[in-house]
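Here's the structure we're looking at; comments come further down.
The values are calculated or read from the model by the stated rules, or taken from the named source; none is laboratory data. As the structure is a computational prediction, the values presented were derived from the model and not from experiment. With ligands, DNA and RNA removed, areas are computed over all heavy atoms of the protein, side chains included. Shrake-Rupley method; radii C 1.70, N 1.55, O 1.52, S 1.80 Å.
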Amino acid sequence: MSSDRTQTLLVCLIVLSFSSLVAGSYETGLRDDYYKYSCPTAEAVIKKVLTDFFALNIGAPSGFIRLAFHDCHVEGCDASVLLDGPNTEKTAEVNHFLQVRALNLIDKAKAELEAVCPGVVSCADIIAYAARDSVVAVNGSSYNVEGGRKDGRVSIASHAQSQLPTGDMTVTALTASFKSKGLTRDQMVILSGSHSFAAGHCPNLVRRLYNFRGTGKTDPSIPPSYAAQLKALCPKATSNETTIFTLDPVDPFTFDSGYYKTLQQHEGVFTSDQSLYDDKRTRPLVNQLTNNPLFQKKFGEAMRAMGRVGVKTDRNGEIRKHCRHVNSKSH
């Protein structure tokens, strides 16, 4: 093969490789600095609304990562989780513990953006930027967020109930759930690291403590001393929805790799957490992610991937005037 032909083939391979990397973003219309010209202050406005609130509420940032995940995993990243109404996603039992204050802050950010750039910034993008800013607020590493999502018009409670992962899932079930959204098993493990500054509630834990897999007993993988601590927080007959416990007891108000270290110590709160270490398929990655710089890098990459799930375009989406209502119902 001649040197000229070899060089031509190499150039073609480089071009094809680059194209495959960026195709996903361009197909959906997403890009970094999306509002650079249409609304230059968009990210700054969102950040200020959140930062002012975070300064007075140390635990508030965790609600925005959860909000982003619960949005993207049902109907795609289209702010469908924000829509009000009977039988919408936010009415589903699985969304019962979404923070009301997080929803209200999204409303506040949207109102301020409508005042300076009416009809430009989607609610779906606000959720994505807010998730990133919440990570930074608790000492996590920043990452670039693509913009350009449109807001969806469909929100159904039963879809949220059936599609969102639950705390008693195994690695196999979690992998299938994420795969259905175009995400890999590794990305599932990495995104689970958001539990580094997340909180849990008793109703989601009682089954593991008192009736694991229908046995009427405690999950045997929980160390007895740790099980006793959890049972003290959540008695068997509890209907307590106000008690909140951290999923990373090492440093619950810092976004770091401490979550994975708790899994190594067999102190993952939910089955879905602890299974990441107990399963031989995912344990090597859990061990790697105890390295905080590596975790921070991988988490930003995984969030960007999640942010591309089910993105709406002008054809099947809109820029809502108010995040709680589709435009046809807001006039």
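Quick check: Cα centre of the stretch 302-318 to Cα centre of the stretch 151-180, how many Å?
Rounded to whole Å, the Cα centres lie 16 Å apart.
Please compute, over every Cα-Cα pair in the chain, the percentage with a separation greater than 33 angstrom.
Details: 15655 of 54615 pairs.
Of all Cα-Cα pairs in the chain, 29 percent lie more than 33 Å apart.
Amide H of LYS312 versus every other amide H placed in the peptide plane: which residues, excluding those fewer than 5 positions away on the same chain, fall under 5 Å?
LYS150
What aspartates and glutamates does LYS110 reach when the alpha-carbon gap must be under 13 Å and sequence neighbours fewer than 8 apart in one chain are set aside?
Straight-distance partners of LYS110: GLU43, ASP125, ASP151.
From the cross-link list LYS231/LYS297; LYS179/LYS312; LYS48/LYS321; LYS297/LYS321; LYS108/LYS179; LYS90/LYS312, which pairs have alpha carbons spaced over 28 Å apart?
Working: LYS231/LYS297 36 Å; LYS179/LYS312 19 Å; LYS48/LYS321 20 Å; LYS297/LYS321 34 Å; LYS108/LYS179 34 Å; LYS90/LYS312 19 Å.
Beyond 28 Å: LYS231/LYS297; LYS297/LYS321; LYS108/LYS179.
Hey, any idea what % of the chain's accessible area is carbon plus sulfur with a 1.4 Å probe?
Details: 8870 of 15850 Å².
Of all accessible area on the chain, carbon and sulfur atoms account for 56 percent.
Each residue of the stretch 208-216 in order: what ³J(HN,Hα) in whole Hz does its phi give by Karplus 6.51 cos²θ - 1.76 cosθ + 1.60, θ = phi - 60°, with x for Gly and Pro?
5, 7, 10, 8, 5, 6, x, 8, x
Determine the order of THR172, THR271 by accessible area, beginning with the largest, at a probe radius of 1.4 Å. Please report the intermediate quantities before stating the final value.
Numbers: THR172 80, THR271 15 Å².
Most to least solvent-accessible, the answer reads THR172, THR271.
Restricting to DSSP H runs of at least four residues, report the calculated mean residue ellipticity at 222 nm for the chain, -39500 (n - 2.57) per run over all residues, nearest 500 deg cm²/dmol. Don't skip to the end; give the middle numbers.
Details: 14 runs with 156 residues, N = 331.
Computed mean residue ellipticity for the chain: -14500 deg cm²/dmol.
Tell me the relative contact order for the chain as a rounded percent, counting alpha carbon contacts under 8 Å between residues six or more apart. Display every interim value, and only then the final one.
Working: 503 pairs, mean separation 81.4, N = 331.
The normalised contact order for the chain reaches 25 percent.
What residues qualify as long-range amide H neighbours of GLY147, i.e. H under 5 Å apart, gap of 5 or more or another chain, H built at 1.01 Å from N?
Amide H to amide H, under 5 Å and 5 or more residues apart or across chains, GLY147 pairs with ARG31, ASP32, ASP33, TYR34.
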